[in-house]
1. Past the 28 Å Cα-Cα mark, which pairs from 47/90; 52/85; 33/53; 47/85; 35/103?
2. Write down, largest first, the equivalent ellipsoid semi-axes of the stretch 13-124 in whole Å, where each equals the square root of 5 times an eigenvalue of the alpha-carbon gyration tensor.
3. Give, as a single signed number, the net charge of other residues whose beta carbon lies under 12 Å from the beta carbon of residue 101, with Lys and Arg counted +1 and Asp and Glu -1.
Amino acid sequence: GFTSATLAVSPFTLSRYADSLLTLTPASLPYAKKKSKSRRETLIIQKFNLAKKAKKSWASVRVNGRKMKVSSVKNSGANLRIRFKLVYGKWAQGNYTLVMSYKNKVNNAWETGAFTGDNIFTVY
């Protein structure tokens, strides 16, 4: 299933992204006893795009304060799709916050910012 989180836009992000919405699939995963337990996840940011030739190094994803490995960054219409490897082994049951920070080239200048989704991911 899909879940949508309330979006907190960092003060460095321009106000034109204030109506963007974060979506993570799936929204919840069972508790894992193995520390190395992981799976590929897709993060969708609606009404937000990076430059046409964006590289995956331009985006970084953190869940539970830990940096996750980004495998792809793609613009899909008006949305941005980020695939990353979520390593969640031995995480306590509860809700977790996701932070996606980025840099983007706009008119030969770099723009940086971050999106925060509170309680976007649950371990049950």
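1. 47/90; 33/53; 35/103
2. Equivalent-ellipsoid dimensions as semi-axes: 27, 14, 12 Å.
3. It works out to a net charge of +2.
Values in this text are rule-based calculations from the coordinates and carry no lab data. Computed from a predicted model, the values in this text were never measured in an experiment. Here Cβ is always computed from backbone atoms with ideal geometry, including for glycine, and neighbour counts include all displayed protein chains.
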